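Contents: one structure, followed by commentary.
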Amino acid sequence: MTGVDYTTFIKFRQRLSVQEWFKNIFNELINKLTPEIKDFNLIIDSSFVQTYSKHDEQGSEYFGYKQKNGFKLHQMIDYKTRLPVLQYTTPGARADVVWGLKLIRAAPKDWKVKGILADKAYDADELVMTARNKWKGIKVGIQVRRTSHLKVTGKPESLINRKAKEATRYLKQSFLNKRTEIERYFSRKKRVFNLGEERTRHLKNFRNNCYLTSIVEILE
């Protein structure tokens, strides 16, 4: 469209990458905006993106559930503003719950967090307790997974564990329904901002693409 050779853009992009421009601009924008948010309701989820070559690339992993090679974007957004407030990118087979815990630990303690939501892939006592200890009085909307029915003192162990876990969570359906906002967020990130369709390869470039789409979302 501009008449500028494609390789010129690639060279410019490489200079920005060396300077960590994408990450730094994202963090600068978020640091400016998050103090303006009075009450956070945070949502955590991940999205798998297949490699551009559809084969193994540097930093990619084979994800058995999708049966594809690719990368993962682990995202934390605010429900009301739909701002992407924190994110990590990893090879495609990394566990959601591990990186969800990293997102919670990386989030500033002074954020006024009222609630946090995630799907059953994030059902872990450590994650729930880390969130509750960091932000006192928050609602944790993470449903409990089903477990095996081993007998303990005449009662199904799964029922005992389930009741204990549910006691630490806020499982009102109207609150849990807010979690679907991040699914719409990821859908728009791919459909409108074309994440995953860039003609780039390797994890480093995927990470830059994720930051760039988030920057555009924030500016929008």
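Laboratory data are not the source of any read-out in this text; all were calculated from the coordinates shown. Keep in mind it's a predicted model, so treat the numbers as computed, not measured. A quick note on method: Cβ atoms are made from the backbone with ideal geometry, for glycine too, and the neighbour counts reach across all protein chains shown.
Before moving on, here are some points about what is shown:
- Net lengthening on full extension, Lys23/Lys136 (0.36 nm per residue, minus Cα-Cα): 37.7 nm
- The range 57-66 - phi-based ³J(HN,Hα) in whole Hz, Karplus 6.51/-1.76/1.60, Gly and Pro as x: 10, 4, x, 8, 9, 7, 9, x, 4, 8
- Percent breakdown of C-alpha pair distances by 10 Å bin, ordered from the shortest bin, for the chain: 7, 30, 33, 20, 8, 2, 1, 0
- Note on the range 52-75 and the range 193-211: Cα centroid distance 12 Å, given to the nearest whole angstrom.
- GNM result for the chain, Cα springs below 10 Å: residue of Arg169, Arg188, Arg146 fluctuating most strongly: Arg146
- Available extension along the chain between His55 and Leu219 is 55.7 nm, counting 0.36 nm per residue and deducting the alpha carbon span.
- Trypsin sites (Lys or Arg not before Pro) within the range 13-63: DSSP coil, no more than 13 neighbouring Cβ in 10 Å: Lys38, Lys54
- Cα-centred dipole magnitude for the chain, charges only on beta-carbon of K, R (+1) and D, E (-1), debye, nearest 20: 680 debye
- Ellipticity estimate at 222 nm from DSSP helix runs (n ≥ 4, -39,500 (n - 2.57)) divided over the chain, nearest 500: -12500 deg cm²/dmol
- Least to most buried among Ser17, Ser60, Ser187 (fewest other Cβ within 10 Å first): Ser187, Ser17, Ser60
- Compared with the alpha-carbon gap, the fully stretched path from Lys80 to Arg199 is longer by 39.6 nm at 0.36 nm per residue.
- Formal net charge of residues neighbouring Val128 (Cβ-Cβ distance under 9 Å; K, R +1; D, E -1): 0
- Sites listed here are chymotrypsin sites (Phe, Trp or Tyr not before Pro) in the range 25-114 whose DSSP assignment is loop and whose Cβ has at most 10 other Cβ atoms within 10 Å: Tyr65.
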